Amino acid sequence: MFFALLVTLVARDAPAQLAEADAGASAVQYGEPRAGRFRVGAEITASRGACRAIRAMVAVPLECPEQSVRIVKEEFSPDVESVSYRDLQGGARQMLITVPRLADGATATAVVTFEVVTRPILPPSDAVTAGLKIPRSTPRDLRKYVTVSPFIQSRDSKFRSWSRELLAGLTDEASDWQRVEAFYDAMLEKIEYAEGVDKSALETLRDGQADCFGRSAVFIALCRAAGVPARAVWVQDHCYAEFYLEDEEGEGAWFPAESAGTRAFGEMPLARTIMQKGDNFRIPERPKDRLFYATDFLVGLPMPGSGKPSVKYIREPVN
């Protein structure tokens, strides 16, 4: 699905730009944590002759308020010179594997096992949601979540007019939480869930159906059209959305919105392994591109008379 679409890079330390989610933490309540192990890495083979200057980038689980990540095992073959991690705009973390040279037919392996502890997010009480507000002034580090991004055309007139129509249908007493919930319910009603290729928000609106990717994009576009910060959350083989509101003291928090299966607004009953948060990344290797998801990527130079190396990416839960 989306893991085969795009390319990006990532993280060494806990994402700095996600730190704002710690604010307003009292508005977000967590359930019992779920612990598991996750293997991530790559097997790189010089299948077409010797090669050099190999660098593989592999997305790994993300450290964030509802999830902690630590390394419990490393498996590196002798050809691997180094394995490091880097952060991309606070929303993605990627393992960087460096192999200076690989002989014809040789395979370099770098696999890391992570212990991942993820907590479900419980539904907030009515007393909490009644006091939450759409930010009057979007914080600088959240401005990328109120504008357009790849696949999310939030400035298109279709989303602007639809969001205005939905808000006009509410009473003056409606809370900001109820306003965002109106976007969510409208998306569920208008966009039928259907497995298929990933679609942009506009394509999904046109077709009236999409999988979790397209449905999340439509909800995010509606939110952003109304000035509500919102973003995509990527878990293994799935995507959902988050929206951002502030309490009366101006402290903000992110709340999830499920895009498939059982309705879940402001809560996330399933503790899935979170891979990334965001939908508009830039990387040094592709400065002109904006990327929706930070997926796996390999660069390598063939020696004279050889071809580029092949790679098998590893990303799997450990039973």
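Observations on the structure shown:
- For A174: the one exception among (1) outside any loop (DSSP other than H, G, I, E, B); (2) open to solvent by less than 30 Å² (accessible area, probe 1.4 Å): (1)
- Some residue of region 295-314 being open to solvent by 30 Å² or more (accessible area, probe 1.4 Å), closer than 30 Å to R101 by Cβ, in a strand (DSSP E or B) and basic (K, R): yes
- G227 closer than 19 Å to S149 by Cβ, assigned to a loop (DSSP other than H, G, I, E, B) and open to solvent by 10 Å² or more (accessible area, probe 1.4 Å): yes
- Residue that is at pLDDT 95 or above, of a type in the set (A, V, I, L, M) and open to solvent by 60 Å² or more (accessible area, probe 1.4 Å), where the choices are A221, A168: A168
- Answer from K312, K277 - the residue that is in contact with a Leu (Cβ under 8 Å, 6 or more places away or on another chain) and of a type in the set (D, E, K, R): K277
- Evaluation of W254 against (1) out of contact with any Gly (no Cβ under 7 Å at 6 or more places or on another chain); (2) open to solvent by 30 Å² or more (accessible area, probe 1.4 Å); (3) assigned to a strand (DSSP E or B); (4) not β-branched (V, I, T) (one fails), failing number: (2)
- Among residues that are open to solvent by 60 Å² or more (accessible area, probe 1.4 Å) and assigned to a loop (DSSP other than H, G, I, E, B), E248 is included.
- Within region 149-165, the only residue that satisfies the criterion of being in a loop (DSSP other than H, G, I, E, B) and open to solvent by less than 20 Å² (accessible area, probe 1.4 Å) is S154.
- Matching residues in region 184-198 - criterion: being part of a loop (DSSP other than H, G, I, E, B), open to solvent by less than 70 Å² (accessible area, probe 1.4 Å) and either in contact with an Asp or Glu (Cβ under 7 Å, 6 or more places away or on another chain) or of a type in the set (A, V, I, L, M) (or both): I191, A194, G196
- Positions within region 265-294 being charged (D, E, K, R), more than 21 Å from R215 (Cα to Cα) and in a loop (DSSP other than H, G, I, E, B), in sequence order: E285
- Residue within region 41-55 that is touching a Phe, Trp or Tyr at 6+ places or on another chain (Cβ under 7 Å), open to solvent by 50 Å² or more (accessible area, probe 1.4 Å) and not in a strand (DSSP E or B) present: no
- The set of residues from region 65-96 being among the β-branched types (V, I, T) and in contact with an Asp or Glu (Cβ under 9 Å, 6 or more places away or on another chain) comprises V69, I71, V72, V83.
- Residue check, D237 loosely packed, with under 14 Cβ neighbours inside 10 Å, over 28 Å from E63 (Cα atoms), of a type in the set (D, E) and at pLDDT below 95: no
- Among the residues making up region 262-284, a single one is open to solvent by 20 Å² or more (accessible area, probe 1.4 Å) and of a type in the set (A, V, I, L, M): L270.
- Within region 104-163, tally of residues that are within 20 Å of the chain's Cα centre (by Cα) and at positive phi: 1
- The lone criterion from (1) surrounded by fewer than 23 Cβ atoms within 10 Å (Cβ to Cβ); (2) closer than 24 Å to P61 by Cα; (3) polar (S, T, N, Q) left unmet by S259 is number (1).
The values are calculated or read from the model by the stated rules, or taken from the named source; none is laboratory data. Being a predicted model, the structure only gives us computed values, none of them experimental. Reconstructed Cβ throughout: ideal geometry from the backbone, glycine too, with neighbour counts over all protein chains shown. These accessible areas exclude ligands, DNA and RNA; they are computed on the full protein's heavy atoms, side chains included. Shrake-Rupley method; radii C 1.70, N 1.55, O 1.52, S 1.80 Å.
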